[in-house]
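Accompanying notes for the structure given below.
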Amino acid sequence: MATYKENFQIWSDALSGTEYALELQQLKNDEKACSDSFYRDMEFGTAGMRGIIGIGTNRMNIFTVRRATQALANHINDKGEGSRGVAIAYDTRHNSELFARETAGVLLKNGIKVYMYETPHSVPQLSFTILQLQCVSGVVITASHNPSVYNGYKVYGEDGGQMPVADSNQITANIEAISDSEMFAIRPAPLEGELYHPIGKELDEIYFAKVEALSLNRDIIQAQSDKLNIVYTPLNGTGLVPVRRVLEDLGIKKLHIVKEQELPDPDFSTVSAPNPENRECFDLAIELADRTHANLILATDPDSDRLGIAVREKSGEFVILTGNQIGCLLMDYQLSQLHDLTKNDFVVKSIVTTDMTDVIAAHYGVELRSVYTGFKFIAEQIKIAEQTGKGNFVFGYEESYGYLFGKFVRDKDAIQAAMKTVEAACYYAEQGLTLSDALSKIYEKYGWYSEIVISNTLYGQEGIAKIMNAVETLRKNIPAKIGDFAVRAVRDYKTQTRTAFPGGNVTEIPMDSMNVLYFELEGGRFIVRPSGTEPKLKSYLSAWADNEQTAASQLEQLQTAANALLEDLLK
């Protein structure tokens, strides 16, 4: 494996005299930045690539995009399916359109048909397009909710979900087979000719109609359309057109857009990161809501696959709901309105999502399927159900603010979720309730669950090594307690085993291997996993009790103990 200095020299020689020479010279004078840019090739995982924009093997640039696309093209042509075509979309980030055009050009150069959106479009619309046009694959240029210095390259399979593991592994192998000299020789074709097909507005219209058809109580929306007062922020991303169009089609009359976050701004200059999980993303929206007397706030991230919401309580203050709370609220509403449910119907959640999901599913008598983190695994369950004829998908979600109702999309869809949130708000308003009131009733019905996610970010080569070492150290030294919480069992998804305590009885976990540790605690749980897309160690804490105060108190105690444990592991 080449050192970062060797990689740097290869790139310097290849790009001498080009527009990139000055950037390379600046890197040469900054050893730390140079090392991080060149110490490895950018990882192509199951969701594609994501990283900082810049020059280098470990950066998002036209050369790493070209190499990944050539690897994808080789994979498609090896299967003889280039005539089916690849759909391409991009968000509003720096270089998104450039990287999309490079992707299209390389595919065309390899004789592969291309369908491309020529304006920014959302992730769910790209997923829908793959299915609608029966494409062999799809690519969307986005870094989702990451800060403005990032961009990414997400690859989708023919089922509209993110690329299956076997295919992404083959693409990774194809990338590794392309040398640097071969990479620099890759050139895109012009975006023209019989293989190039710009996507027009007709597909948007089909998508909007399908989203609107998911509405279960359109008459109630009409009845509340003059009363429900909504503020929406697309966070300078792709959600503006589809969210506004769908809500207005359903009759919503009072819809206010946050002006500073309405139009594309690749710097996302009003926030540190355009992530609807973060409080700061609601600051301007709350100011606008107070001026317009709005009672509901919706926020979507730049590629519109995540939705955050804030609800005005009867005190007049806004409360920002967590991803778990939104998921439980939407799931309980959806299941309560589907009056012909059977045991054939199923919902899907990730293993780190709240256990309240399990209780709600049991209440309505539907099957619950738990999968690994990553919406591709939820989409995979839809595909399995279709192939086997066993099961009917009705809802899926992750705690990370991703939700899906309709099977015409195979990734999380904030446009669908925004529409369903508004419908639920109208439904509960008919009963004199806010969404916050409805959530309280859900807790009273199913029990009080309190959750929090801890993210420890460690940048660079050293940081990633520390994260991986922390998980391995914990795996080899299972504690009997985490704070005052006794460990009742440990699920090690890497070894695919569950060990119960006391006694140490070991049983098999019938899932693929994944680097996740799941501690079943007395009155709670603690889950640790390295992020698959960012240099983070993510920990998921949960506590439950019969009342809100006890659950919150226990979560606080668990968080204190978990922080101490993580601090020691990440030294």
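Derivation of every value follows stated rules applied to the coordinates shown; laboratory data play no part. Predicted, not measured: the structure shown is a model, and the values here were computed from it. Every residue, glycine as well, gets a Cβ built from its backbone with ideal geometry; the counts of neighbours run over all protein chains shown.
The HN-Hα couplings worked out from phi for the stretch 34-47 by the Karplus form 6.51 cos²θ - 1.76 cosθ + 1.60 (θ = phi - 60°) are 5, 4, 5, 6, 10, 6, 7, 7, 4, 6, 9, x, 5, 9 Hz, whole numbers, x standing for Gly and Pro. For GluC sites (Glu not before Pro), the sites in the stretch 120-209 that DSSP calls loop and that have at most 10 other Cβ atoms within 10 Å are Glu192, Glu194. Our note on the geometry: Cα centres of the stretch 129-147 and the stretch 497-571, 32 Å apart.
With contacts taken as Cα pairs under 8 Å at a separation of at least 6 residues, the stretch 355-514 carries a relative contact order of 10 percent.
Using θ = phi - 60° in the Karplus curve 6.51 cos²θ - 1.76 cosθ + 1.60, the 3J(HN,Hα) couplings for the stretch 396-412 round to x, 7, 10, 5, 8, 6, x, 9, 8, 10, x, 7, 7, 10, 10, 8, 4 Hz; x is entered for Gly and Pro. All other residues whose Cβ lies under 14 angstrom from that of Asp290 are scored, Lys and Arg at +1 and Asp and Glu at -1, for a net of -2.
With 19 Å as the limit, the listed pairs Lys343/Lys390; Lys349/Lys407; Lys201/Lys412; Lys343/Lys376 have Lys201/Lys412; Lys343/Lys376 beyond it between alpha carbons. Computed from backbone phi, the HN-Hα couplings of the stretch 206-219 come to 5, 4, 4, 5, 5, 5, 5, 5, 6, 5, 9, 9, 5, 5 Hz, rounded to whole numbers (Karplus: 6.51 cos²θ - 1.76 cosθ + 1.60, θ = phi - 60°; Gly and Pro given as x). In percent, rounded to a whole number, the relative contact order of the chain is 11, using alpha-carbon pairs under 8 Å and six or more apart. The stretch 305-384 and the stretch 182-197 have Cα centres lying 42 Å from one another. With contacts taken as Cα pairs under 8 Å and at least 6 residues apart, the stretch 289-406 reaches a relative contact order of 26 percent.
So which GluC sites (Glu not before Pro) in the stretch 268-356 pass both tests, a DSSP loop state and at most 16 other Cβ atoms within 10 Å of the Cβ? Let's see the in-between values first.
Details: sites: Glu277, Glu280, Glu287, Glu313, Glu317; in loops: Glu277, Glu313, Glu317.
The qualifying sites are Glu313, Glu317.
Loop-located trypsin sites (Lys or Arg not before Pro) in the stretch 320-415 (DSSP state not H, G, I, E or B) with no more than 13 neighbouring Cβ atoms inside 10 Å: Lys343, Lys390.
Once you reduce the stretch 224-266 and the stretch 1-49 to the center of their Cα atoms, the two points are 41 Å from each other.
Once you list every other residue whose beta carbon is under 15 Å from the beta carbon of Tyr493, what net charge do they have if Lys and Arg are +1 and Asp and Glu are -1? In short, +2. Near Val106, within a Cβ-to-Cβ distance under 12 Å, what is the net charge of the other residues, with Lys and Arg +1 and Asp and Glu -1? Computed value for this residue: +4. Towards the positive end of the charge dipole of the stretch 400-534, with charges on Cβ (+1 Lys, Arg; -1 Asp, Glu), say which of Val490, Val506, Val528 has the farthest Cα. Checking the options against the dipole of the stretch 400-534, the answer is Val506.
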